[in-house]
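The values are calculated or read from the model by the stated rules, or taken from the named source; none is laboratory data. Note that the structure is a prediction, hence the values are computed from the model and not measured. No Cβ is skipped: glycine too gets one built from the backbone with ideal geometry, and neighbour counts run over all protein chains shown.
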Amino acid sequence: MKLAIHGASGRMGQAVARLAASEGATVVGAVVSHRSALLGRDVGEAAGVGPLGVAMSEDAASGLLGAEVVIDFSRPEAVPHLLQLAMRARVAVVSGTTRLDATGERLLVEAARVIPVLWAPNTSLAVHVLAKLAAEAVRQLGPSFDVEIVETHHRAKVDAPSGTATMLAAAVREARGDGRVVAGRDGEVGPRRDDEIGVHAVRGGDVIGDHTIHLLGPSERLELTHRATSRDLFARGALRAARFLAGKPAGRYTMADVVG
Ligand SMILES: NC(=O)c1ccc[n+]([C@@H]2O[C@H](COP(=O)([O-])OP(=O)(O)OC[C@H]3O[C@@H](n4cnc5c(N)ncnc54)[C@H](OP(=O)(O)O)[C@@H]3O)[C@@H](O)[C@H]2O)c1
């Protein structure tokens, strides 16, 4: 599989570069922002796996040349341009970038008419199992249990709440048939309303990503937790998704399709 990496100098991009070969992928392009301190550096050297013969470039169009799939872990504002270029070059897209804006969401839909597209706020298999478990728990426990989601991430994370927490809240809302997501609470907020789904962001240290779904009922509570101990897990999931997407017809795919 011939692979381009968009956001190649980032924490996730570097993990993808490091693990690509072991997952059967050859890196043919590596794209970074025009401000990147790593512009021009070999992507494999920067990732600590030795030279791969691919210099990091701010030119996304040439970064996609010869690629079958591009894996994107970048910034929301960079995703629309990438999708336009990928459509033009007929390159499948796996994007893990969280908190896309309306333009990014619209372009995902447009691109899926032309190329295979998979966007996932979390590329871990276990997190998708967690979402299913949470939905099942909500259905079985019923409306007398309040649901609050707490996510913890490293101090450098720039967005909140995490894309994964938002995805988990959506799974809970779907299982309940209603729900109003409340991100954090501050001041005279009054008593908790029955339809609230609380989402709370903790930031600090080097935590890669923890998510706990609290189901709080009368006299008892259930907590479902996922903890990531290495970014490799997300990179492997994205590489697995890329392998799945290569050669597929145009369309919108999810991690559920990849894990079967
Ligand atoms: N789906 C998942 O499982 C999962 C897991 C972890 C993280 N994420 C998400 O993935 C994204 C990246 O996370 P990270 O921790 O790797 O962040 P990061 O370390 O800040 O890396 C972001 C990367 O994007 C690049 N970039 C910024 N603007 C760009 C542009 N216009 N064109 C091309 N590249 C551009 C940056 O380049 P320079 O800084 O070098 O200029 C850098 O390489 C975030 O949205 C995060 O929430 C998703």
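Please determine whether any residue of region 181-201 is within 16 Å of the ligand (Cβ to nearest atom), under 23 Å from Gly10 (Cα atoms), surrounded by 12 or more Cβ atoms within 10 Å (Cβ to Cβ) and of a type outside the set (Phe, Trp, Tyr).
Within region 181-201, the subset within 16 Å of the ligand (Cβ to nearest atom) is 183, 199, 201.
Narrowing the set further to residues that are under 23 Å from Gly10 (Cα atoms) leaves 201.
Filter again for surrounded by 12 or more Cβ atoms within 10 Å (Cβ to Cβ), leaving 201.
In the following step, the residues that additionally are of a type outside the set (Phe, Trp, Tyr) were identified as 201.
So far as region 181-201 goes, yes, one or more of its residues are within 16 Å of the ligand (Cβ to nearest atom), under 23 Å from Gly10 (Cα atoms), surrounded by 12 or more Cβ atoms within 10 Å (Cβ to Cβ) and of a type outside the set (Phe, Trp, Tyr).
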query: What residue, among those in region 23-47 that are away from the ligand (no atom under 15 Å from the Cβ) and part of a loop (DSSP other than H, G, I, E, B), is surrounded by the fewest Cβ atoms within 10 Å (Cβ to Cβ)?
result: Gly24
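I'd like the residue in region 240-260 that is assigned to a loop (DSSP other than H, G, I, E, B) and either among the hydrophobic types (A, V, I, L, M, F, W, C) or within 14 Å of the ligand (Cβ to nearest atom) (or both) and, out of all such residues, is nearest to Val27 (Cα to Cα).
Here is the first cut: in region 240-260, the residues assigned to a loop (DSSP other than H, G, I, E, B) are 246-250, 254, 260.
Still in the list and also either among the hydrophobic types (A, V, I, L, M, F, W, C) or within 14 Å of the ligand (Cβ to nearest atom) (or both): 246, 250, 254.
Numbers: Ala246: 14, Ala250: 22, Thr254: 23 Å.
Checked region 240-260; the qualifying residue nearest to Val27 (Cα to Cα) is Ala246.
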message: Please pick out the residue among Leu82, Leu38 that is in contact with a strand residue (DSSP E or B) (Cβ under 7 Å, 6 or more places away or on another chain) and either modelled with pLDDT of 95 or more or outside the structural domain of Leu118 (by TED's automatic domain parsing) (or both).
response: Leu82
task: Exactly one condition in (1) away from the ligand (no atom under 13 Å from the Cβ); (2) within 30 Å of Arg90 (Cα to Cα); (3) in the same structural domain as Glu220 (by TED's automatic domain parsing) is not met by Ala171; state its number.
output: (2)
Residues that are surrounded by 12 or more Cβ atoms within 10 Å (Cβ to Cβ) and either assigned to a loop (DSSP other than H, G, I, E, B) or not aliphatic (A, V, I, L, M) (or both), drawn from region 214-234: His214, Gly217, Arg221, His226, Arg227, Arg231, Asp232, Phe234
message: Cβ contacts < 6 Å: first residue surrounded by 15 or more Cβ atoms within 10 Å (Cβ to Cβ), restricted to region 70-90; second residue basic (Lys, Arg), any location; separation 6+ or different chain. Result?
response: Pro76/Arg99
query: In region 211-245, what count of residues is obtained for those that are among the acidic types (Asp, Glu) and without any contact (Cβ under 8 Å) to a residue 60 or more places away in the chain?
result: 2
- line: Reported set for region 74-106 where residues are within 16 Å of Gly29 (Cβ to Cβ), of a type in the set (Val, Ile, Thr) and within 11 Å of the ligand (Cβ to nearest atom) is Val94
- line: All-but-one check, Leu100 against (1) touching a residue at least 40 places away in the same chain (Cβ under 8 Å); (2) part of a loop (DSSP other than H, G, I, E, B), failing number (1)
task: Mind listing whichever residues of region 107-148 are outside any loop (DSSP other than H, G, I, E, B), more than 16 Å from the ligand (Cβ to nearest atom), without any contact (Cβ under 8 Å) to a residue 60 or more places away in the chain and under 20 Å from Ala175 (Cα atoms)?
output: Lys132, Ala135, Glu136, Arg139, Gln140
message: Would you confirm, using the coordinates I've provided, whether Gly237 is part of a loop (DSSP other than H, G, I, E, B) and outside the structural domain of Arg155 (by TED's automatic domain parsing)?
response: no
query: Mind checking whether some residue in region 53-64 is under 22 Å from Ala228 (Cβ atoms) and not in a helix (DSSP H, G or I)?
result: no
message: Filter region 1-24 down to the residues that are at positive phi and modelled with pLDDT under 95 and list them by number.
response: Gly24
- request: Name every residue in region 94-103 that is crowded, with 20+ Cβ neighbours inside 10 Å and more than 25 Å from Lys2 (Cβ to Cβ), in order of residue number.
  value: Thr98, Leu100
